[in-house]
Amino acid sequence: MAKYDQLETYLARKGAAEIQLGFADIERIIGQMLPKSAQRPQWWANEIDADSRHVQARAWRNAGYDAFWIKDAEQVRFVRRFVRRQAGDPHTFYVAPERPTDEEIAKARSALENLAKLLASASAQACHKLGIEFDMSDPQVACDVVKATFEGLFSSRRTQPGRKRR
């Protein structure tokens, strides 16, 4: 068993969106002291290179987390990668799978299609209030209206040719 396998197992079993652990907690989990280099933020870097000698990073990355060293606190915050808020409740989280199944992809596609319909409807209502009418039953028209709406929303953020952002 590798030195940090127990940390990987612990994080994977927890599965929470975010886990904050003190160095003493991590030492209890792995059954030994952390090296002195763990006092430096570089030790907690989220290395993604397979050839990296940072075996500790491999443990939390394999469990689906990124580590964030908390300065002067001897603590680390592990944050789940691919975290999304649960629909309808801003305080709960779920973890989006890194390799979704065909069923999960179909559900996501359906949810996006429903969102697009809601956006198209809202765009059509806004245009109607302005006296502009569209045939929203035509998918291409609905798509164009939603696209134009988003372009209008974000056009104020674009810089005009010859002008620089501050």
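Consider all pairwise Cα distances in the range 1-84 and report the whole-number % of them above 14 Å.
The proportion of pairs with Cα distances above 14 Å equals 60 percent.
Under a Cβ-Cβ cut-off of 13 Å, what is the net charge of the residues other than Asn46 that fall near it, where Lys and Arg count +1 and Asp and Glu count -1?
+2
Throughout, read-outs are computed from the coordinates displayed, never taken from laboratory work. Everything quoted here is computed from the prediction, not taken from an experiment. Positions of Cβ are backbone-derived with ideal geometry, glycine not excepted, and every protein chain shown enters the neighbour counts.
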